[in-house]
Amino acid sequence: MKRILFVLVAACAILNLSAQETYLFAQKDTASLYLDIHRPSPDAPTVLDSLQKPTILYVFGGGFKSGARNSEYQLKWFKTLNDNGYTVVAIDYRLGMKHYKMGKGFIGIAKSVNQFYESQKMGVEDVFSAISFLAQHPELNIDIHNIVMAGSSAGAIISLASAYTVANANAKTTKYTISRDELPENFQFKGVLSFAGGIISLNGAPKFQSAPCPILFFHGLNDNAVAYKHVGAFGKGIWGSSFIVSKFKNKGYNYSIWRFKDRAHDVAAYMNLLLPEELAFLENNVIRSTPRIIDAMVDNPALPVWKAWSTMTPQEMYNGE
């Protein structure tokens, strides 16, 4: 199968098409999980200050119920990253909310937290499986010690939870601990790009036991889909970008956050609109390891608003109401 795929990649290159490699990296439950590798464009600079640029491991969004690793707006972003010298690996993950029906009102949402947590957990496990696959196949030339996670919405939640799990490698094991057994020894992410993300917890507010990798947060102040601050009760809920950053600030961790005034969950789809901020973070905070902390409030009426993203309720998303 691999041999056929490599032949297809070579044929695409000859025809001057966008080369893409696809591999089955895991078989879980009834799901076949694939990843696509998008290589840097010809003559794109893959080194900065004698340092190799990282691979971007991308996790798509869709509320844990839908989405794809190869949608059109994502492919456009991948191409731009390729043109700037970055390899992109886009992965599948199991959709834990795909057939879930949510109850009415606040009680319905509250009862759904356990399912959301399990969906996040499955996503993290699938990220770790993808990294394990790349580690076991050095012929693919992906340096698993030079990976930046990136995700939108549910994908951003999975990305942040993956970094959180790795940072808490030495924390006391509990029933909520996600296994890191598939990861190579002493594995660390190089960074995270989070587009409207947070961390779902059933055990109180997330606490980083050690310094995480550098993280770039983008979030709308009016986001009702993924909480900007925190939503939940009795130690269960989702803790958003603003809450996480408040803890990072006190600890002196390496991060940047861009807070979007008058924007809701639209920010989850801003990847193609924020490239200067993304590249500056990758080049400085990640590649050069510069603790360049930015906390910016953005008031830009020119940024698009998608009404459906701003007004959709959880019941509408999961019940089709």
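What follows draws every value from the coordinates through simple rules; no lab data is involved. As the structure is a computational prediction, the values presented were derived from the model and not from experiment. Heads up, the Cβs are rebuilt from the backbone with ideal geometry, glycines too, and the neighbour counts pull from every protein chain shown.
Name the residue from Gly103, Phe217, Leu75 whose Cα lies farthest towards the positive end of the charge dipole of the chain, charges +1 on Cβ of Lys and Arg and -1 on Cβ of Asp and Glu.
In the chain, that residue is Gly103.
Using only Cα positions of the stretch 19-319, each an equal point scatterer, no hydration layer, compute I(q)/I(0) via Debye at q = 0.15 Å⁻¹ and quote the log10 values to two decimals.
Listed by q, the Debye log ratios stand at -1.22.
Could you go through the stretch 206-215 in sequence order and give the Karplus-derived ³J(HN,Hα) for each residue, using 6.51 cos²θ - 1.76 cosθ + 1.60 with θ = phi - 60°, rounded to whole Hz, and x for Gly and Pro?
Coupling constants for the stretch 206-215: x, 10, 7, 6, 9, 4, x, 5, x, 10 Hz.
Over the stretch 125-211, how many percent of alpha carbon pairs lie in each 10 Å bin up to the one with the longest distance?
Reading the bins upward from 0: 17, 50, 29, 4, 0.
Mind listing the long-range amide H neighbours of Leu57? Cut-off is under 5 Å, sequence gap 5 or more, other chains count too, H placed in the peptide plane at 1.01 Å from N.
Val89, Val148, Met149, Ala150
If N is the number of residues in the stretch 220-321, what value comes out of its Cα radius of gyration divided by 2.2 N^0.38 Å?
1.21
Mind checking the dipole of the stretch 191-321: about its Cα centre, +1 per Lys or Arg Cβ, -1 per Asp or Glu Cβ, Debye to the nearest 20?
Here the size comes out at about 560 debye.
If neighbour count is taken as other Cβ atoms inside 10 Å, put Ile144, Ile178 in order from fewest to most.
Fewest to most other Cβ atoms nearby, the residues stand as Ile178, Ile144.
Top mean-square fluctuation among Lys101, Lys121, Lys190, Gaussian network model of the chain, C-alpha springs under 10 Å?
Highest fluctuation of the listed residues: Lys101.
How much length, in nm to one decimal, is gained on full extension between Leu221 and Asp83, taken as 0.36 nm per residue of separation minus their Cα-Cα distance?
46.5 nm
Label Ile293 and Asn70 with points 7 Å out from Cα along Cα→Cβ: what is the distance between them in nm?
With each label point 7 Å from Cα toward Cβ, the separation is 4.3 nm.
Gap in Å between the Cα centre of the stretch 35-77 and the Cα centre of the stretch 174-191?
The stretch 174-191 and the stretch 35-77 have Cα centres spaced 22 Å from each other.
Calculate, for Leu48 and Lys104, the FRET efficiency according to 1/(1 + (r/R0)^6) with r their C-beta to C-beta distance and R0 51 Å; round to the nearest 0.05. Can you show the working numbers first?
Values: r = 52 Å, r/R0 = 1.02.
That gives a FRET efficiency of 0.45.
Counting other C-beta atoms within 10 Å, which of Ser119, Ser210, Ser242 has the fewest, and how do the rest follow? Please report the intermediate quantities before stating the final value.
Working: Ser119 25, Ser210 13, Ser242 18.
Starting with the residue having the fewest Cβ neighbours, the order is Ser210, Ser242, Ser119.
Explain nothing, just the number: dipole magnitude of the stretch 14-136 about its Cα centre with +1 on each Lys and Arg Cβ and -1 on each Asp and Glu Cβ, in debye rounded to the nearest 20.
Details: 13 positive and 11 negative charges, 135 e Å.
Dipole of the stretch 14-136, to the nearest 20 debye: 640 debye.
Dipole magnitude of the stretch 19-319 about its Cα centre, charges +1 at Lys/Arg Cβ and -1 at Asp/Glu Cβ only, in debye to the nearest 20?
1200 debye
I'd like the orientation of helix 105-136 relative to the chain: the angle between its Cα long axis and the longest Cα principal axis, in ° from 0 to 90, rounded to 10.
Once rounded, one gets 20 degrees.
Percent of Cα-Cα pairs more than 24 Å apart in the stretch 134-281, please.
Taking all Cα-Cα pairs of the stretch 134-281, the fraction more than 24 Å apart is 31 percent.
Restricting things to Cα coordinates, could you compute the convex hull volume per residue of the stretch 61-140 in Å³?
About 111 Å³ per residue, rounded to a whole number.
Please state the relative contact order of the stretch 180-321 as a whole percent: Cα pairs under 8 Å, 6+ residues apart? Write out the running numbers ahead of the final one.
Details: 237 pairs, mean separation 35.1, N = 142.
That works out to 25 percent.
So, counting K/R as plus one and D/E as minus one, what does the shell of residues with Cβ under 12 Å around Ser201 add up to? Present the calculation step by step, with values, prior to reporting the outcome.
Details: positive: Lys121, Lys207, Lys236; negative: none.
Net charge in that neighbourhood comes out at +3.
Taking the Cα centre of the chain as the origin and placing charges on Cβ (Lys, Arg +1; Asp, Glu -1), which of Ile294, Ser112, Ala44 is farthest toward the positive end of the dipole?
Ser112
Given Cα positions, please report Rg to Rh for the stretch 24-85, the hydrodynamic radius being the Kirkwood one.
With Rg and the Kirkwood Rh in hand, the quotient comes to 1.06.
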